[in-house]
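The values are calculated or read from the model by the stated rules, or taken from the named source; none is laboratory data. Keep in mind that what you see is a predicted model, and the values were worked out from it rather than measured. Virtual Cβ from ideal backbone geometry, glycine too; neighbours counted across all protein chains shown. Quick note on the areas: whole protein, heavy atoms, side chains included, nothing else; ligands and nucleic acids left out. Shrake-Rupley method; radii C 1.70, N 1.55, O 1.52, S 1.80 Å.
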Amino acid sequence: MEKETSSSDVSASHVGRARQRRRPTEATVDGNRTNGPSLLVNDHNKYKSMLIRTYSTVWMIGGFALIVYMGHLYIWAMVVVIQIFMAKELFNLLRKSSEEKQLPGFRLLNWHFFFTAMLFTYGRFLSRQLVNTVNSDHLLYKVVSGLIKYQMFICYFLYIAGFVWFILTLKKKTYKYQFKQYAWTHMILLMVFAQSSFTVANIFEGMFWFLLPASLIVINDIAAYLFGFFLGRTPLIKLSPKKTWEGFIGASVTTIISAFVLANVMGRFQWLTCPRKDLSTGWLRCDPGPMFKPEHYSLEEWVPQGFPWKEVVLLPVQWHALALGLFASIIAPFGGFFASGFKRAFKIKDFGDSIPGHGGITDRMDCQMVMAVFAYIYHQSFISPQNFSVEIILDQILRNLTFEEQRFLYQQLGEIFHERQLMQS
């Protein structure tokens, strides 16, 4: 009995010591939580991470500048590659190897839906450019026109084929996993692919409407990082512990000013402002339009007599650039906050590790997707002409009428013009 009592006392005292040893650790953790998140300004390894991040950023900006110089078609190819990498990173989030061993070919089904959505989206966005590219070859023109005419039916048939494929592959022990993957795939197509596809529409409306919004997001991201790095003291949002009010406000001011200045610089190059009406890679020449024609504003009433500048030359598009800069600095960062909450839900730090210091492709594209949709809608609402133009009507004629119908229309127009000339004479 004495031995049992002593042994129980020893064990009790041992447990008590263990409990006493754990308390300081728990207090430290609680203390860290009460002290708030670790900000960049207090991070001891911040200069090392900054060096890695800067190195990757320089390479990305250099490669991006080279692709922009190569032209619209190469930028489109870059967007497609980015979409594929984003889809790969997001598909892998819910992937479980144990279930997929029982489902051979199930991963291929996800990519079937992805490329079906790609065919549908780009077929809608780039049909006019594709027709204009092949209109010199009569046979190829007829084939392409037929594909575009029945493109919606073809895409729907491909989707239904994937739907039937999914139903036929359902297995009893993996129902929940398969339906979760099915819903996850459609969420990726809606939230990622559909939004980023607006980027391609912006490219062919004029590279200006792609390059300026994308540049503003990069500037906002870099400015927020630098202001938070050196001045950040006040946490901004719990979803992103290292984001600060100082970084947010400093980046907003920097982005809005940059939007006004960059619009003036980019708006003077026809290579950036002219819309691409086909899929060629040649140099562009066009009438820049009223948005990109300089306007002179007198400063004589606002400045003293000895002031050297009596007038300032601005482009009308600069005032629209302020709206883009305001959105890029205030609203677009919420795409990053959404991604942060998403990563916290899955308990991961980054979506991938393909970009050193930045994470995955998705980590860099979260704000860009939100910005691309806004830039497209803003351009269509406030910049693009709302009435029908000769080019739009001619495009509809070439796409929807047969050769015989086009010839008949030509003869009818000729008769109408002839009758009007007789009436005027």
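Quick look at the values:
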| read-out | value |
| --- | --- |
| Contour minus Cα-Cα distance for ILE167 and ILE397 (0.36 nm per residue) | 78.6 nm |
| Low-density loop cleavage sites - chymotrypsin sites (Phe, Trp or Tyr not before Pro) in the stretch 113-204, where at most 13 other Cβ are within 10 Å (DSSP) | TYR150 |
| Separation of alpha-carbon centers, the stretch 411-425 and the stretch 222-288, rounded to whole Å | 53 Å |
| TYR159-GLU405 FRET efficiency (beta carbon distance; Förster radius 30 Å; 0.05 resolution) | 0.45 |
| Accessible-area composition of the stretch 191-307, carbon plus sulfur, in percent [1.4 Å probe] | 68 percent |
| Phi to ³J(HN,Hα) by Karplus 6.51 cos²θ - 1.76 cosθ + 1.60 over the stretch 246-261, Hz, x for Gly, Pro | 4, x, 5, 5, x, 5, 5, 4, 4, 5, 5, 5, 4, 4, 5, 6 |
| The stretch 232-273 residues near the modelled GLU295 label - backbone nitrogen below 17 Å, point 7 Å along Cα→Cβ | 260-261, 263-265, 267-268 |
| Cut-off under 5 Å, modelled amide H: who pairs with LYS243 long-range | LEU236, ILE237 |
